[in-house]
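Each remark here refers to the structure printed beneath this line.
The values are calculated or read from the model by the stated rules, or taken from the named source; none is laboratory data. Small disclaimer: the values here were computed from a predicted structure and weren't measured. All Cβ positions, glycine included, derive from the backbone under ideal geometry; neighbour counts span all protein chains shown.
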Amino acid sequence: MSIVVGVAPAHRSASALHLAAMLARSSGADLVVAAIVPPAWPTTAGGADAEWRGFTRENADSALDHAAAVLGGSIRAEYLLYEAPSARRGLLELAEQRGASLIVVGSAGGGEPGRIALGSASDTLLHASPVPVAIAPAGYRTEEDARVGRVTAAYRGTGASADLVFGAAEVAATVGADLRVASFAVVPRDSGTSGAGFDAEVAIADTWAADVEKHAASVVRQLSELPDAPAVSDVAVGRGETWEDALADIGWQPGELLVVGSSTLGPIARVFLGSHAAKILRHSPVPVVVVPHGLHGRERD
């Protein structure tokens, strides 16, 4: 088993490395730490292209040296420069070549500390990856011996999200963690567009939450019948006037992961974030693993 980790030659962020190390430590996977550089072009008069290639590779080498210093010697890792037209292409090619089960990246530069921000590279990666993609919040750090303590599956009460719970259970079993199933109800105070008012909106959300909890309990019972199923610690519904409030309402542990599914409208073998998943991703206080729609079903087949 291997995990591909992308490091950006342009800056020295350690967030993705800390997340990847925790995942590798928990699962026993090897890391492939890659800095993607553009392919060489034919030399032109004046040597400008050669200078640019040298500058790019020097930055990439420096990024890999930084990665090795962050990870230390306790994690089995390979460090390499990989030529590709884009970071997305390079990470996908490496994942396919190495049979990787996961790609790990960090947030875009300039994002809010403790939150996930997608840049052009990570956004296009999510829309093209046939394997799950883990994204670390900006400034994410772990203890030197940290392991995944709990995996939370974002559940919407639909058949597609039920499949995600089984996929999240596989993640939890792989890293030796408990599983939690969570849903989120967001009711802004000024959301009474139907004319019924805020209290009516809250009552509707409470009814929905009760239905989701009942459906989630049924999925958990099915899950418990599977061999090697992880322990399910809780079925929770977070409520709040904003997505940030709703996610904060259920509480989070150190070393926790949130697993979200792609939209059912997306291509079957690709990650494609639906509106709810995208909002959850942007407001999550913990690393998020985005899995392609239908991945669990394809693995069972």
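Can you find a residue that is at pLDDT below 75 and buried (at least 19 other Cβ atoms within 10 Å of the Cβ) anywhere in segment 238-253?
Within segment 238-253, the first condition is being at pLDDT below 75, and the residues that meet it are none.
No, every residue in segment 238-253 fails to be at pLDDT below 75 and buried (at least 19 other Cβ atoms within 10 Å of the Cβ).
Suppose the filter is touching a Ser or Thr at 6+ places or on another chain (Cβ under 8 Å), buried (at least 17 other Cβ atoms within 10 Å of the Cβ), at pLDDT below 85 and not β-branched (Val, Ile, Thr); does Arg156 pass it? Answer is yes for this residue. Restricting attention to segment 216-259, the residues that are within 14 Å of Ala185 (Cβ to Cβ) and either in a helix (DSSP H, G or I) or in contact with a Cys (Cβ under 8 Å, 6 or more places away or on another chain) (or both) total 7. Name the single residue, out of those in segment 1-55 being modelled with pLDDT under 90 and assigned to a helix (DSSP H, G or I), that is farthest from the chain's Cα centre (by Cα). Among those that are modelled with pLDDT under 90 and assigned to a helix (DSSP H, G or I), it is Ala48. Out of Glu78, Glu144, Glu58, one residue alone is in a helix (DSSP H, G or I), of a type in the set (Asp, Glu) and more than 29 Å from Glu244 (Cβ to Cβ). It is Glu58.
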